[in-house]
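K.L.:
Dropping a structure here in structure tokens format, bear with me for questions.
The values are calculated or read from the model by the stated rules, or taken from the named source; none is laboratory data. Model, not experiment: these values are computed from the prediction. Every residue, glycine as well, gets a Cβ built from its backbone with ideal geometry; the counts of neighbours run over all protein chains shown.
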Protein chains: 2
Amino acid sequence: MKARAYCSSANLGPGFDLVAAALDAFYDEVSVVDYSEDSKPEVVITDIRGPYGENLSKELNTAKRAVEYMLEEKKLPYRVYLELWKGIPVEKGLGSSGASAAAAVLAVSKTLGIELSPEEAIKYAGEGELISAGIRHYESVAASYLGHIVVLYSFTPLKVIKIKPPVEPLFLIVLPEVKAPLRKTSIVRSIIPKKIPLEVHVRNAGRLAALIYGLTTGNLKVLGEGMFDEIVEPAREVYVPLYRKIREVALTNGAKGVAISGAGPSLLILVDEQTSSTVEKVVKEVYENEGISVKIKQAHLAPPAHIIE
Amino acid sequence: MKARAYCSSANLGPGFDLVAAALDAFYDEVSVVDYSEDSKPEVVITDIRGPYGENLSKELNTAKRAVEYMLEEKKLPYRVYLELWKGIPVEKGLGSSGASAAAAVLAVSKTLGIELSPEEAIKYAGEGELISAGIRHYESVAASYLGHIVVLYSFTPLKVIKIKPPVEPLFLIVLPEVKAPLRKTSIVRSIIPKKIPLEVHVRNAGRLAALIYGLTTGNLKVLGEGMFDEIVEPAREVYVPLYRKIREVALTNGAKGVAISGAGPSLLILVDEQTSSTVEKVVKEVYENEGISVKIKQAHLAPPAHIIE
């Protein structure tokens with residue numbers, strides 16, 4: 001049994017810890033290669049392959065931890081053997097660890113015949129994030145598991161809205177090849193302000209409202225206007241070289257919205273068919289003028305995690 | 001020329017300074033009784049009538065100030081004579097001052113043949129709020145002017161989304177007869193915290209997302225779940241007697257959501273046809289057991305401000 005889950009882009013600007021988009025540019029796959037009853041739940045990762053599989057830990061792995069947690073919670077004493085295929089670039093802000101966990105939870109639950117509610121699946125997969133991020137967080141696993149756009153509007157209990165916009169947004173995923181020495185999400189989180197001025201809260205909330213309205217109605221202009229954050233991005237952009245500059249040239253060349261993808265350094269740019277190639281060109285130029293090479297991929301919203309064989 | 005504008009309920013919980021609903025329970029009307037060219041713009045209120053017209057200032061009046069500001073900005077040297085009919089209870093958190101201003105701006109602009117964009121009209125009417133609230137704020141005038149639900153998602157420049165939910169929400173407007181010595185919006189605003197913990201911002205933003213999604217899709221359950229605020233209401237509820245108790249009994253008796261209307265002391269409760277009378281009954285009981293008399297009115301979303309004769 002093999003499951004596929006797509007990469008994700010969290011926040012979309014003002015949706016910190018709440019909003020994420022599943023994107024079809026990259027995906028991970030997890031196969032259950034074997035399983036047997038055992039005295040206590042255990043997960044063994046036998047192999048990690050794929051273009052981004054090198055140097056990944058088989059022990060401190062979100063897929064392993066997510067499935068172990070699911071087996072513990074469901075009181076299922078199995079030893080499960082998994083194989084990972086990593087197609088999502090690691091530590092780029094594209095929800096790589098969350099996608100592995102989502103695919104693993106799906107593959108194992110289907111293999112063992114366990115029925116999971118979306119909230120249960122997200123909870124188990126999110127537990128895996130403790131390994132990679134140092135905290136539980138759910139928005140990227142929710143996007144990888146449920147597909148399209150997710151909004152976590154309550155944490156205790158976990159409640160999630162899924163939005164499939166009536167007009168398909170087109171994004172550019174921008175991957176600058178920068179060495180970010182402090183890429184671990186836990187460290188990148190620690191620089192976010194702990195307190196926010198009321199007026200900044202109000203302005204950010206307004207743009208989140210625009211984001212949700214734009215996604216729900218398919219009004220991509222309003223969606224793009226909503227992709228602007230004053231709370232998390234100003235703190236994070238020190239680790240995201242050229243962000244303000246890229247933002248500016250993208251918007252003046254027809255992009256509808258720009259945001260840091262997750263904790264960065266990748267960016268997410270909302271474009272349309274007409275402006276896509278121009279925006280790609282000018283963004284590339286900005287990086288290359290500074291000696292930074294960059295990859296840019298078009299992406300649409302991705303389907304939910306699913307069994308492929 | 002006479003214009004009518006409906007009352008409004010601001011915030012709906014987490015939408016502080018952003019979201020307001022126009023409600024058909026009460027309305028104000030403004031008539032242009034005469035006008036003539038003059039050396040500088042001036043507005044004279046000749047009479048204030050109606051059930052809530054007593055003891056209102058003709059000088060420090062939002063309708064007067066809103067129209068004067070419009071005439072100044074548009075460089076229209078007219079002396080305009082207005083008559084107000086106040087059908088909206090004053091200082092109850094129902095956007096009474098905003099409705100007068102919205103009706104006045106509409107009546108005068110139509111009389112003088114001035115074309116206004118929605119944003120212009122809201123800006124002029126919002127200027128009137130300086131008189132009553134001590135600051136410019138736009139969400140209640142926007143709701144009274146545009147009708148249904150409005151979301152101000154940008155302030156500079158002013159940008160507004162208008163939402164007409166595909167399923168008609170039913171509200172109860174609860175008007176407890178309490179003397180609130182400090183009812184002026186400017187004072188009620190001053191007790192709101194100036195800084196907000198990040199985690200509270202995230203939780204409130206999540207519920208705002210639910211609110212916008214619920215309104216846009218007509219999912220009234222999610223809308224009701226979104227009507228919960230941790231920032232403004234905890235500060236304001238000291239002026240809103242029994243709020244937590246009312247909230248609890250309403251929700252346990254089938255209400256979908258409860259919020260303080262504007263700055264209070266009125267409440268807004270989202271119900272459905274089946275639960276409406278039960279909720280009304282239990283809410284009434286709570287107040288009456290404490291010796292507070294209360295009026296409760298059903299309300300649907302109201303249409304935009306419009307000319308009636």
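K.L.:
Residue check, A:V249 against (1) more than 9 Å from chain B (Cβ to nearest Cβ); (2) in a helix (DSSP H, G or I); (3) within 27 Å of B:I231 (Cα to Cα), all met but one. Which one?
P.N.:
Going through (1) more than 9 Å from chain B (Cβ to nearest Cβ); (2) in a helix (DSSP H, G or I); (3) within 27 Å of B:I231 (Cα to Cα) one by one, A:V249 breaks only (3).
K.L.:
Inside the stretch A:203-229, can you point out the residues that are in contact with a Phe, Trp or Tyr (Cβ under 9 Å, 6 or more places away or on another chain), buried (at least 20 other Cβ atoms within 10 Å of the Cβ) and over 21 Å from A:Y243 (Cβ atoms)?
P.N.:
Result: A:A205, A:G206, A:A209, A:I212, A:Y213, A:L215, A:T216, A:V222.
Every residue, every condition in (1) among the basic types (K, R); (2) touching a residue at least 12 places away in the same chain (Cβ under 8 Å); (3) at negative phi; (4) away from chain A (no Cβ under 14 Å), yes or no:
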{"residue": "B:S8", "(1), (2), (3), (4)": "no, yes, yes, yes"}
{"residue": "B:N11", "(1), (2), (3), (4)": "no, yes, no, no"}
{"residue": "B:A22", "(1), (2), (3), (4)": "no, yes, yes, yes"}
{"residue": "B:S31", "(1), (2), (3), (4)": "no, yes, yes, yes"}
{"residue": "B:E37", "(1), (2), (3), (4)": "no, yes, yes, yes"}
{"residue": "B:K40", "(1), (2), (3), (4)": "yes, yes, yes, yes"}
{"residue": "B:V43", "(1), (2), (3), (4)": "no, yes, yes, yes"}
{"residue": "B:L56", "(1), (2), (3), (4)": "no, yes, yes, yes"}
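K.L.:
Consider only pairs whose beta carbons are under 6 Å apart and that are at least six residues apart or on different chains; among these, list those whose first residue lies in the stretch B:211-240 and is at the interface with chain A (Cβ under 9 Å from one of its Cβ atoms) and closer than 12 Å to B:G15 by Cα and whose second residue is small (G, A, S) and buried (at least 23 other Cβ atoms within 10 Å of the Cβ).
P.N.:
These pairs meet every condition: B:L211/B:G226; B:I212/A:A209; B:G226/B:A210; B:G226/B:G214.
K.L.:
State which residue is surrounded by the fewest Cβ atoms within 10 Å (Cβ to Cβ) when the search covers only the stretch B:243-279 and only residues that are hydroxyl-bearing (S, T, Y) and free of Cβ contacts under 8 Å to residues at least 40 places away in the same chain.
P.N.:
Taking the candidates together, the pick is B:T252.
K.L.:
Shifting gears a bit: Can you pull out the residues in the stretch A:58-73 that are surrounded by fewer than 16 Cβ atoms within 10 Å (Cβ to Cβ) and in contact (Cβ under 8 Å) with a residue 40 or more places away in the chain?
P.N.:
A:L60, A:E73
K.L.:
State whether one or more residues within the stretch B:38-61 are more than 18 Å from the chain's Cα centre (by Cα) and among the aromatic types (F, W, Y).
P.N.:
no
K.L.:
Here's another thing I want to ask about it. Pairs under 7 Å by beta carbon, first residue within 7 Å of chain B (Cβ to nearest Cβ) and more than 30 Å from B:I192 (Cβ to Cβ) in the stretch A:180-207, partner at pLDDT below 95 and surrounded by 20 or more Cβ atoms within 10 Å (Cβ to Cβ), six or more apart or different chains?
P.N.:
Short answer, once both residue conditions are applied: none.
K.L.:
Something else now. With the structure loaded, tell me whether B:V202 is at pLDDT 95 or above and in contact with a helix residue (DSSP H, G or I) (Cβ under 7 Å, 6 or more places away or on another chain) or whether it fails that test.
P.N.:
no
K.L.:
For the stretch B:191-206, indicate whether the set of residues that are in contact with a His (Cβ under 6 Å, 6 or more places away or on another chain) and assigned to a helix (DSSP H, G or I) is non-empty.
P.N.:
Yes, the stretch B:191-206 contains a residue that is in contact with a His (Cβ under 6 Å, 6 or more places away or on another chain) and assigned to a helix (DSSP H, G or I).
K.L.:
Could you list all residues from the stretch B:144-155 that are assigned to a strand (DSSP E or B) and either surrounded by fewer than 24 Cβ atoms within 10 Å (Cβ to Cβ) or at the interface with chain A (Cβ under 10 Å from one of its Cβ atoms) (or both)?
P.N.:
Result: B:V151, B:L152, B:Y153, B:S154.
K.L.:
When both residues are 6+ apart or on different chains and their Cβ atoms are under 9 Å apart, which pairs have a first residue that lies in the stretch A:280-300 and is among the small types (G, A, S), and a second that is surrounded by fewer than 16 Cβ atoms within 10 Å (Cβ to Cβ)?
P.N.:
Partner pairs satisfying both residue conditions: A:S293/A:E177.
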